[in-house]
């Protein structure tokens with residue numbers, strides 16, 4: 001039997017006193033914190049998916065896009081479905097050509113999920129035009145920071161728990177793994193705070209542009225779903241799935 005906190009061989013005289021109990025407690029607490037973040041993000045993702053995927057939207061996405069364009073006075077952006085390979089699941093805007101590309105599925109299925117995607121994309125376009133970056137790109141960096149934090153916490157505890165490194169105690173590996181856990185926790189907290197800042201700004205902008213463009217009931221539901229996603233990192237897919245394809249007009 002192996003105890004959860006401290007391996008049996010931790011105090012084995014053959015290996016020396018590899019670590020102190022308090023170091024393991026810190027590492028274990030950081031491990032639990034990382035697991036909690038993963039669980040909460042997963043629950044929110046599933047919840048948002050189930051509540052929006054198959055629920056019919058009261059507004060056609062094309063009509064919503066047109067209404068948002070008029071409301072914000074950005075009528076030069078073209079909406080295109082399934083015209084080119086996309087690089088991610090949420091945002092594919094070609095600023096040089098003023099084109100917003102969405103997958104074909106969202107044209108054929110008028111769901112609340114599609115409405116959320118449209119609002120997310122359009123708000124990103126507004127952000128690009130106001131500054132050099134956007135919500136999507138900042139959330140990528142936030143995800144990277146959070147992922148490093150999660151990884152550091154998991155590696156720290158699993159190294160303490162399963163690696164037989166007592167013979168190397170003179171190299172202060174126990175202190176290193178404890179420091180790794182602390183650094184990972186700091187990265188998670190920093191990314192969490194950053195995520196809240198990013199999405200609070202996003203939600204504020206969404207609150208402004210959806211007035212009069214969505215029925216009150218659907219508007220409240222959409223804002224509620226965005227607020228759920230704002231609660232913690234990893235609730236919006238920012239992964240890049242394929243390399244960007246060079247279009248024929250760009251080659252010419």
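The numbers here are math on the coordinates, done by the rules we state, and not lab data. All figures in this text were calculated on a predicted structure; none of them were measured in a lab. Quick reminder, even Gly has a Cβ in these numbers, built from the backbone with ideal geometry, and neighbours come from all protein chains shown.
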Give the relative contact order (percent, whole number) for segment 22-246; include only Cα pairs under 8 Å separated by 6+ residues. 33
From the Cα gyration tensor of segment 22-246, with a ≥ b ≥ c the square roots of its eigenvalues, which class applies: rounded if a/c is under 1.5, or else prolate if a/b is larger than b/c, or else oblate? prolate
What is the spin-label model distance, in nm, from residue 55 to residue 78 if the labels are put 7 Å beyond Cα along the C-beta direction? 3.4
Under a crude label model (7 Å from the Cα following the beta-carbon direction), how far is residue 144 from residue 40 in nanometres? 2.4
Could you pull the Rg and Dmax for segment 109-166, using just the Cα atoms, both in Å? 19.3, 59
With a Förster distance of 25 angstrom and the Cβ-Cβ distance between residue 231 and residue 179, calculated FRET efficiency to the nearest 0.05 equals 0.30
Inter-site label distance for residue 97 and residue 25 at 7 Å from Cα along Cβ, in nm: 6.1
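Between residue 137 and residue 67, what FRET efficiency comes out of the Förster formula 1/(1 + (r/R0)^6) with R0 = 30 Å and r the beta carbon distance, rounded to 0.05? Mind dumping the intermediate values first?
Details: r = 26 Å, r/R0 = 0.86.
It comes to 0.70.
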